[in-house]
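Worksheet: the structure to be examined is printed underneath.
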Amino acid sequence: MASIGEQLKAARMAKEKSLDEVSNDTKISKKYLEALEADDYNVFPAPIYAKGSLKAYANYVALDYEALDREYKKLTGLSKLASGDSNDSVENKAETKSSNNSSKIIIPIATIVLIIVVAAIYYYFFYGK
């Protein structure tokens, strides 16, 4: 069986389209199209970009995206994430986000308290005697 990239390239060539034309029509960077045809998914900033580009490209050249996606998941090991094992990472992200929000609140409150303390000390030494 041909690789994902070989299938995409063959389908594109059967439609007599250049990478520039596909890039223009799909709004996918030529660099990413070349990466898909070379089966080089490390070029993408995150797996979701590779999957989205793969879907758009597969639909553009009339290939079965679902079959390509299954092969992509096998190649990249993303089938574990798709099966629901990603709940831990979602929960970790939620915890991180809430702790980030806490620190965003604590810093301004601490700053206000510090200003009040400094003002009280200033008032005590200069006006309190």
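The values are calculated or read from the model by the stated rules, or taken from the named source; none is laboratory data. Not measured: the values here are computed from a predicted model. Because the Cβ atoms are built from the backbone with ideal geometry, glycine has one as well, and the counts that use them run over all protein chains shown.
Listed values, structure above:
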read-out	value
Tally of residues being under 18 Å from ASN59 (Cβ atoms), surrounded by 12 or more Cβ atoms within 10 Å (Cβ to Cβ) and out of contact with any helix residue (DSSP H, G or I) (no Cβ under 7 Å at 6 or more places or on another chain) across the range 19-47	2
Residue ranges of helices (runs of 4 or more DSSP H) in the range 35-129 with at least 2 members in the same structural domain as ALA10 (by TED's automatic domain parsing), within 30 Å of VAL22 (Cα to Cα) and modelled with pLDDT under 90	65-76
